[in-house]
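Only the coordinates and a few stated rules stand behind these numbers; no lab work does. Here the structure is a predicted model, which is why all the values come from computation and not from measurement. Reconstructed Cβ throughout: ideal geometry from the backbone, glycine too, with neighbour counts over all protein chains shown.
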Amino acid sequence: MSIKGKAYIVGIYEHPTRLATDKTVPQLHAESAKGALEDAGLTKNDIDGYFCAAGDMAGLGQLSMTDYLGLKTRHIDSTDVGGSSYLLQVGHAAEAIALGKCSIALITLAGRPRAEGMATGTQPRAPERPMPESGFELPYAPATANMYAMAAMRHMHQYGTTSEQMAWVKVAASHHAQHNPHAMLRDVVTVEEVVNSPMIADPLHRLDCCVISDGGGAIIMTTPEIAKSLKRPLVKVIGSGEAPKHQMGGKVDLTYSGAVWSGPLAFEEAGVKPSDIKYASIYDSFTITVLMQLEDLGFCEKGQGGRFVSDGNLIAGVGKLPFNTDGGGLCNNHPSNRGGLTKVLEAVRQLRGEAHPAVQVKNCDIALAHGTGGSLGTRHAAATVIMERE
Amino acid sequence: MAQAQQPTQQQQRKIAAPPINSETQAFWDAAGQGKLLYKKCAGCGEPHFYPRPHCPFCFSDQVEWQEASGRGAIYTYSVMRRAPVPYAIAYVTLAEGPTMMTNIVDCDLNSIKIGQAVRLVFKPSEGGPPVPMFTPA
Ligand SMILES: [Zn+2]
């Protein structure tokens, strides 16, 4: 049993706001859902499966959002593993659609950490209720930035990766963001500007970190039959994979991510290789995140990520692997501190031929979206989705 | 905006008290006596950290508290600069095998290196037991 070709992405929407002072989180979810339905040419009452990560909404958020939106569904999913949740949900929606558990699935994301003044990456965040590891971590003040920084530090030590190489990831994202009118940061930056920006958590500089933005987005998925009855270009899911990685009982190894497991699952299901991928959306919470995930997905050998991302290799029209052509989390947006959903959106735009002309990849028939939710430094869930234009 | 002058000696950072439960009470009682404990499995022989009542490798519940020597080496670290008091978070690999999250303290934060030998110290937490940290050996 495979999901290959059994579910299509027919509607996408990215909320244009980056600072939602006058909107609530549920409202951003609803506006995003409405946008994706309009894109698909469907209506709210067509939805029979709803995917909403609990982390966007306190408490039983998925249920409250089902009520708020006025949905009547037969498939409920509140999978929440942080920023990659939406990539897992695309896989789960494809499974549900393939099995006939729902026929039109809605996935939404929304959040407003910027309006709420959240110091997302630098402030240690304690969970509402202690987790089993809390006593052995909270006293040491793990924030987001210093956790990813420890992974970067070890990668530099073990493989000779440099700050300049990591900076190329941001440089490439900025080249793309200049064409996105909604992007928070539209100025093209240089390697020197990245490595000379203030140090946040050694070795990560300010420009190695993604933006803090409000916003949201939504995805509509459906069956092959319904997809073909609609008027949008046909984009189907051909493979997905998900995998957690953690501290392994004290056998800590921060030099690789769960992509070493989720990637092969997705590639095998899709029946394609990394060299077949024309465009990749890669979760870019930090520059190191991209570098490590590209290695782990097999786009280059382990330890060669620094060389791979250098010299514009990720820039559309310049390098071998155009990535995050919307500017990604590093320049465009990072709604709710979660970048997984927007990764799917830009991959779908590329496959439809609807990316900005300056960054549209020619003959983009196969694209990949991948993310890491949680923390590279402790526990995370990796998720890979491979899509094809029909 | 100019980058603020960074202190290199760790000043007093407020250390959050660890949440304690019935699984971890013995660990924190020992910490109060200056001892760092980890767990070792009688079933498969593997040590693990953080300590649990079941071995995360073979799921045996025959796991026993062991006292660590307090010697270790820095696996990785990062100095957080965007904090009221900069601090070094790290993973330290204990001489006994497991790697644990910690802070590196009482040293020049700019001199910390991966692979550096460290030794155990305890630092007071806010309203909780002392917390195991490490300093260059
Ligand atoms: Zn065991």
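Applied to segment B:85-98, the Karplus parametrisation 6.51 cos²θ - 1.76 cosθ + 1.60 on θ = phi - 60° returns per-residue 3J(HN,Hα) values of 10, x, 8, 10, 8, 7, 10, 10, 8, 6, 4, 7, x, x Hz, with x for Gly and Pro. Classification of segment A:253-390 by its C-alpha gyration tensor yields a rounded form. The axis ratio a/c (a ≥ b ≥ c) stays under 1.5.
Ranked by the mean number of other Cβ atoms within 10 Å of their residues, highest first, the peptides A:335-343, A:137-145, A:95-103 fall in the order A:335-343, A:137-145, A:95-103.
For segment A:9-35, backbone nitrogen atoms closer than 12 Å to the point 7 Å from A:Y68 Cα along Cα-to-C-beta are found at A:23-33. Rounded to the nearest Hz, the phi-derived 3J(HN,Hα) couplings of segment A:239-252 under the Karplus curve 6.51 cos²θ - 1.76 cosθ + 1.60 (θ = phi - 60°) are x, 8, x, 9, 7, x, 9, 9, 7, 6, x, x, 8, 5, where x marks glycine and proline.
Under 23 Å of direct C-alpha separation, and excluding same-chain neighbours fewer than eight residues apart, B:K35 reaches these lysines: A:K251, B:K14, B:K123. Output the antiparallel fraction of DSSP beta bridges having both residues in chain A, as a percent to the nearest 5. So the antiparallel bridges amount to about 75 percent of the total. Structural descriptor for chain A: relative contact order 26 percent, calculated from alpha carbon pairs under 8 angstrom and at least 6 residues apart.
Amide H to amide H, with H built 1.01 Å from N, A:S281 comes under 5 Å of A:N324, A:L368, A:A369, A:H370, counting only residues 5 or more places away or on other chains. For the pair A:I76 and A:D253, the difference between a 0.36 nm per residue extended length and the Cα-Cα distance amounts to 60.2 nm.
Under a Cβ-only charge scheme (Lys and Arg +1, Asp and Glu -1), can you give me the dipole magnitude of segment A:89-160 about the Cα centre, in debye to the nearest 20? It would help to have the intermediate numbers written out before the result.
Working: 6 positive and 5 negative charges, 31 e Å.
Result for segment A:89-160 is approximately 140 debye, rounded to the nearest 20.
Can you work out the PRE-style zone for A:D22? Point 7 Å along Cα to Cβ, and I want the residues of segment A:215-238 with backbone N under 17 Å. Residues passing the 17 Å test: A:215.
In this label model, A:R129 and B:K14 are separated by 2.6 nm, measuring between points 7 Å along each Cα→Cβ vector. Identify, among B:I112, B:I74, B:L37, the residue whose Cα sits farthest towards the positive end of the charge dipole of segment B:25-136, taking +1 on the Cβ of Lys and Arg and -1 on the Cβ of Asp and Glu, with the dipole about the Cα centre. With unit charges placed on the Cβ atoms, the residue in question is B:I112.
Compute log10 of I(q)/I(0) for segment B:25-136 with the Debye formula, placing one identical point scatterer on every Cα and leaving out solvent, at q = 0.09, 0.15 Å⁻¹, to two decimals. Reported log10 I(q)/I(0), two decimals: -0.25, -0.67. Treating cross-link reach as a plain straight distance, find the aspartates and glutamates whose alpha-carbon is under 13 Å from the alpha-carbon of A:K101, omitting any fewer than eight places away in the same chain. Partners found: A:D48, A:D77.
What residues of segment B:29-51 lie in the reach of a label at B:C58, counting those whose backbone N is under 11 Å from a point 7 Å from the Cα along Cα→Cβ? The answer is B:41-47. Averaged over the residues of B:100-109, the number of partner chain Cβ atoms lying within 10 Å of the residue Cβ comes to 3.
In the structure displayed, which of A:K236/A:K343; A:K245/B:K113; A:K6/A:K44 lie more than 18 Å apart, Cα to Cα? Numbers along the way, then the final one.
On the way: A:K236/A:K343 15 Å; A:K245/B:K113 26 Å; A:K6/A:K44 22 Å.
The pairs that break the limit, which is 18 Å between Cα atoms, are A:K245/B:K113; A:K6/A:K44.
Need one word for segment B:79-137: rounded, prolate or oblate. Basis is the Cα gyration tensor (sqrt eigenvalues a ≥ b ≥ c); a/c below 1.5 gives rounded, then a/b vs b/c decides. Oblate shape, in that a/c is at least 1.5 and b/c is the bigger or equal ratio. Distances between placed amide hydrogens fall under 5 Å for B:L37 paired with B:A68, all partners being 5 or more residues away or on another chain.
Helix A:287-297 sits at what angle to the longest principal axis of chain A, using alpha carbons and giving 0 to 90 degrees rounded to 10? Tilt relative to chain A: about 70 degrees.
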